[in-house]
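Read-outs: derived from the displayed coordinates by stated rules, not from any lab. For clarity, every value in this text was computed on a predicted model and none was experimentally measured. Counting neighbours? That spans all protein chains shown, and the Cβs are built from the backbone with ideal geometry, glycine included.
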Amino acid sequence: MTHTFKKSLSKEQELIKEKKHLPALKFLNKLLRERYGCYFDCETYVDYSFDREKQKQGIDAGCDLVCIKTNERMFVTWDYKFRFVSFSDFLAETVSVDKNGTPGWAVDPNKTNDLIININVVTKRVIVVSRKELRDAIISKKFSNIEEKKSPNKGYNTKFIAIPITTLQQYCPKTLTFTYD
């Protein structure tokens, strides 16, 4: 089966439009409060999923992260990644277009998002990863024992690595994983 970026993006935008990502965000917010004493301020939430410039930066959404004790605020941005098949690993795109060597979102130095929120719509498993931690781990070859795979597109291939969750957590220690209802 040939993958097309346009089709994937359209599917992602439809999920966001239908607000199917919100149960995952609500559970993440609950987890942040319980474990870390902070929360996402929903009042400051901004959806950038249809903003072309923000998309180029890897930013789908963002909001203030608030520390409960100090009331300090920091605007945090993220890139949604949805998986539509039951898998227990984390896919990290290393090469977007192999014909011209365009870096994938996991290593692209032009991406400015803080987090990657990977939502598996089948298993309802969520993996939240620091973009910087992931990029640094890939660049420093922490996942070099994982075979890079190809996904055919029209006229080019996208390359990625499928990282086991325990390995991801080892080299990206800020990683959160959970399932939601």
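Could you list all residues from segment 37-67 that are in contact (Cβ under 8 Å) with a residue 24 or more places away in the chain, exposed (fewer than 13 other Cβ atoms within 10 Å of the Cβ) and closer than 17 Å to Phe27 by Cα?
Once the filter is applied, which keeps residues that are in contact (Cβ under 8 Å) with a residue 24 or more places away in the chain, exposed (fewer than 13 other Cβ atoms within 10 Å of the Cβ) and closer than 17 Å to Phe27 by Cα, segment 37-67 yields only Gly37.
Condition first: in contact with a Pro (Cβ under 6 Å, 6 or more places away or on another chain) and either closer than 23 Å to Pro23 by Cα or without any contact (Cβ under 8 Å) to a residue 24 or more places away in the chain (or both). Can you find one or more residues in segment 159-181 that meet it?
yes
I'd like to know if segment 22-33 contains one or more residues that are among the hydrophobic types (A, V, I, L, M, F, W, C), part of a strand (DSSP E or B) and surrounded by 13 or more Cβ atoms within 10 Å (Cβ to Cβ).
Within segment 22-33 (the criterion being among the hydrophobic types (A, V, I, L, M, F, W, C), part of a strand (DSSP E or B) and surrounded by 13 or more Cβ atoms within 10 Å (Cβ to Cβ)), the answer is no, since none of the residues qualifies.
Checking the conditions here, which among Asp98, Asp108 is acidic (Asp, Glu) and in contact with a Phe, Trp or Tyr (Cβ under 9 Å, 6 or more places away or on another chain)?
It is Asp98.
What are the residues in segment 34-70 that are in a strand (DSSP E or B), among the charged types (D, E, K, R) and in contact with a Lys or Arg (Cβ under 9 Å, 6 or more places away or on another chain), if any?
Correct list: Asp41, Asp64.
In segment 105-123, which residues are within 19 Å of Phe40 (Cβ to Cβ) and either among the basic types (Lys, Arg) or not in a loop (DSSP other than H, G, I, E, B) (or both)?
Correct list: Leu115, Ile116, Ile117, Asn118, Ile119.
Are any residues in segment 71-87 closer than 15 Å to Phe160 by Cα and assigned to a loop (DSSP other than H, G, I, E, B), and if so, which ones?
The answer is Phe87, and nothing else.
Listed residues Asn71, Asn118; which is under 24 Å from Phe27 (Cα atoms) and surrounded by 18 or more Cβ atoms within 10 Å (Cβ to Cβ)?
Every option except Asn118 fails the conditions.
For segment 151-181, what are the residues that are outside any helix (DSSP H, G or I) and over 17 Å from the mean Cα position of the chain (by Cα)?
Ser151, Pro152, Asn153, Lys154, Gly155, Tyr156, Asn157, Asp181
Does Ser151 satisfy the condition of being surrounded by 13 or more Cβ atoms within 10 Å (Cβ to Cβ), over 21 Å from Ala24 (Cβ atoms) and not acidic (Asp, Glu)?
Yes.
Within segment 160-175, which residues are crowded, with 17+ Cβ neighbours inside 10 Å and within 14 Å of Thr94 (Cα to Cα)?
Passing the criteria: Phe160, Ile161, Ile163.
Could you tell me which numbered condition Val128 fails, if it satisfies all but one of (1) more than 17 Å from Gln170 (Cα to Cα); (2) touching a residue at least 24 places away in the same chain (Cβ under 8 Å)?
Unmet for Val128, out of (1) more than 17 Å from Gln170 (Cα to Cα); (2) touching a residue at least 24 places away in the same chain (Cβ under 8 Å): (1).
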